[in-house]
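What follows draws every value from the coordinates through simple rules; no lab data is involved. This is a predicted model, so every value here is computed, not measured. Backbone-built Cβ (ideal geometry, glycine too); neighbour counts: all protein chains shown.
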Amino acid sequence: MLGLGAARLEADMNRLMALLFHQGVLDEQFMQLQQLQDESSPNFVSEVISIYFRESEKLLKNLRSLLADRECTDYTKIGIHLNQLMGSSSSIGAKRVRTVCLAFRAASEHSNWSGCLRLLEVLEHEYCYLKTKLHELFQMEQHRVMAAGARYHPALS
Amino acid sequence: MHILLHQPPVSFYIWSFFVLNSTIARICFSLHCDGGRASMGSTGRRVLLVEDIEINRMVMRRLLSDSNVGLEEAENGKIAVDFIKQGRTYDLIFMDRDMPVMNGHEATKQLRSLGVTTPIIALSSDCLPSDRDRFIHAGANAFQAKPLSKIELVRILTEYGLNITRA
């Protein structure tokens, strides 16, 4: 039976998840990811998300560097990086990040440098928000496991 | 009697031994390198996932872990084509669209030109009709939006005769 602390943390986690879904930050793919986690693979979600953060930060850095010089912008490479970021964002349910990537890709296909720069800023902002919220979620999970000794299964309906 | 011995990968290599029966013994060595990776299912059915994004490969690995299907992975189309040229065979191929070195369209075309008749399921996070048409024209059997859910994966495996879940 969950202790009071664990129950409260679980309620907080459910509220945070509900908020992130309501804001469109996450979609049902994140739930699918959580459903793939079980006793045989207890850290699956955090492993996937860690790799997502690592790879996304490399891609964002590359995008920033590709847009550094207006005259020499390689829009093909920008498109490649965006496809990668879109693909991985879809896989973890990072809906808003993916949506911004789509708009960014459209700007790059039109060689719209100022549009790309503006969308890169939006993308960086969305990514930071996602990362902050997922870190919060994982910290709550860690505390909850310590309090109750059982893994989190989302109660989001 | 089929005995499948599986050793976990060491560095970039994995060895597979197939012993068919007491009077005929056949040993096949499967050598992986350059981003190849394999797990062998107990039924001997094999799926090849051609996908450059590590997260997507992790998710597919996890999705297939409950089935009796073995999974091999190739990080781009060229590695997939090289696997076929090495003599490897598969019961199903999942082919991503956008990959470095060789993309999914080109890899599909090359596999078909090599005489590969294995069903190829194209995967893409874009679902434009032109994208689907291009893949089908290249020789893919079907087109599926990414990310693939468990339900969709089971449907595809069932459709192509691979859906055998572990007891």
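Side notes on the structure shown:
- Rounded to the nearest 20 debye, dipole of chain A from Cβ charges on Lys, Arg, Asp, Glu: 200
- Backbone N under 17 Å from the A:Leu102 label point (7 Å along Cα→Cβ), restricted to the stretch A:54-89: A:82-89
- Cα point-scatterer Debye curve for chain A, base-10 log of I(q)/I(0) at q = 0.10, 0.11 Å⁻¹: -0.41, -0.49
- A:Ser111 versus A:Ala68: modelled label distance in nm, points set 7 Å from Cα along the beta carbon direction: 2.2
- For the peptide B:53-66, the mean number of other protein chain Cβ atoms found within 10 angstrom of a residue's Cβ is 6.
- Toward the positive end of the charge dipole of the stretch A:1-132, with +1 on the Cβ of Lys and Arg and -1 on the Cβ of Asp and Glu, the farthest Cα among A:Ile92, A:Val48, A:Leu102 is that of A:Leu102.
- The calculated FRET efficiency for the pair A:Ile51 and A:Glu124, based on their C-beta separation and a Förster distance of 22 Å, comes to about 0.70.
- Hz values of 3J(HN,Hα) by residue in the stretch A:118-130 - Karplus curve (6.51, -1.76, 1.60), Gly and Pro given as x: 5, 6, 5, 5, 5, 4, 4, 5, 4, 5, 4, 5, 4
- For the stretch B:37-159, size of Cβ-based charge dipole, Lys and Arg +1, Asp and Glu -1, in debye: 280
- Virtual spin-label span in nm between A:Glu39 and B:Lys150, 7 Å along Cα→Cβ: 1.6
- Estimated translational D of the stretch B:66-120 in µm²/s (Stokes, Kirkwood radius over Cα pairs; 25 °C; 0.890 mPa s): 214
- For B:Asp98, distant residues with modelled amide H under 5 Å away: B:Gly104
- The mean of 1/r over all pairs of different alpha-carbon atoms in the stretch B:37-159, once inverted, gives a Kirkwood hydrodynamic radius of 14.2 Å.
- Within 10 Å of each Cβ in A:44-55, the average number of Cβ atoms from other chains: 2
- Only the Cβ atoms of Lys and Arg (+1) and of Asp and Glu (-1) were treated as charged; on that basis the dipole of the stretch A:63-102 about its Cα centre amounts to roughly 280 debye.
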